[in-house]
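The structure under discussion appears below in the form of structure tokens.
The values are calculated or read from the model by the stated rules, or taken from the named source; none is laboratory data. In this text the structure is predicted, and so the values were computed from the model without any measurement. Cβ sites come from the backbone with ideal geometry, for glycine too, and all protein chains shown count toward neighbours. Keep in mind that these areas ignore ligands, DNA and RNA; they rest on the heavy atoms of the full protein, side chains included. Shrake-Rupley method; radii C 1.70, N 1.55, O 1.52, S 1.80 Å.
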Amino acid sequence: MVWFLGLGIVGLLLLVLSLVFGGVLEGLLDGFGGLDGVLSLPVVAGFLSALGFTGALVLGTSGTGVGVATGAGVVAGCGVGWLTWRFSRVLLHDATAPAPRGEDLTGSSGSVVTAVPADGYGEVLLYLGGQPVKYAAKASGPVPRGTEVWVESVLSSTSVHVRPVER
């Protein structure tokens, strides 16, 4: 049973190392061509952990021998390894929405941080992709600090044209 527990603990340590060091340790298993991701460190760690802990559980709770415990551990290890591989493929190939762009600001609201003069630039605080971003702002007329504004157009990657919100 000590061997099984040792395998389980080694698998957990490998998993922690793969999480802490990211892709640095991935190079250990790069020599196996054509098995992209199947022999990644998280998959191997999951396999070893499931094999070890399942083997120890079967050996400790039943009267069967080491062979049956090893077989049960291999089956559980293959299942956990396959699930880890599938989960990592889903995460790596996740098709998310495109990154927010400056043009997405048109029509959004914000507030004036530095007053916008009639003939120059002030500053507004806008939210792009849920993050607050400060932009230089121009307006048709003067806009005092603290006023809520709408973005009419994007002038450049760092400046916008705004108008006060009328309520």
Q. Residue check: is A72 loosely packed, with under 12 Cβ neighbours inside 10 Å and outside any strand (DSSP E or B)?
A. no
Q: Scan segment 140-157 residue by residue and report those that are assigned to a strand (DSSP E or B) and in contact with a His (Cβ under 7 Å, 6 or more places away or on another chain).
A: E152, S153
(Q) Being of a type in the set (S, T, Y) and over 30 Å from V44 (Cα atoms) is the filter here; which residues of segment 83-142 pass it? (A) T106, S108, S109, S111, T114, Y121, Y127, Y135, S140
Q) Filtering segment 79-88 down to residues that are surrounded by fewer than 14 Cβ atoms within 10 Å (Cβ to Cβ) and not aliphatic (A, V, I, L, M), which residue is nearest to L15 (Cα to Cα)? A) F87
Q. For L105, are the conditions met, namely being within 21 Å of the chain's Cα centre (by Cα) and either open to solvent by less than 50 Å² (accessible area, probe 1.4 Å) or β-branched (V, I, T) (or both)?
A. no
Q. Within segment 98-106, can one find any residue that is in a strand (DSSP E or B) and of a type in the set (G, A, S)?
A. no
Q: Could you please find all residues in segment 125-139 being farther than 14 Å from V165 by Cβ and of a type in the set (G, A, S)?
A: G129, G130, A136
Q. Name the residues in segment 158-167 that are closer than 16 Å to T114 by Cβ, open to solvent by 50 Å² or more (accessible area, probe 1.4 Å) and part of a strand (DSSP E or B), would you?
A. P164
**Q.** Condition check for G31: surrounded by fewer than 13 Cβ atoms within 10 Å (Cβ to Cβ), at pLDDT below 90, small (G, A, S) and assigned to a helix (DSSP H, G or I)
**A.** no
Q: Please determine, by comparing only the residues of segment 139-157 that are hydrophobic (A, V, I, L, M, F, W, C) and touching a helix residue (DSSP H, G or I) at 6+ places or on another chain (Cβ under 8 Å), which one is least open to solvent (accessible area, probe 1.4 Å).
A: V151
(Q) Give me the residue from segment 116-138 that is charged (D, E, K, R) and in a strand (DSSP E or B) and, out of that set, surrounded by the most Cβ atoms within 10 Å (Cβ to Cβ). (A) K138
Q | Among residues of segment 99-128, those that are in contact with an Asp or Glu (Cβ under 7 Å, 6 or more places away or on another chain), more than 15 Å from S153 (Cα to Cα) and small (G, A, S), counted | A | 1
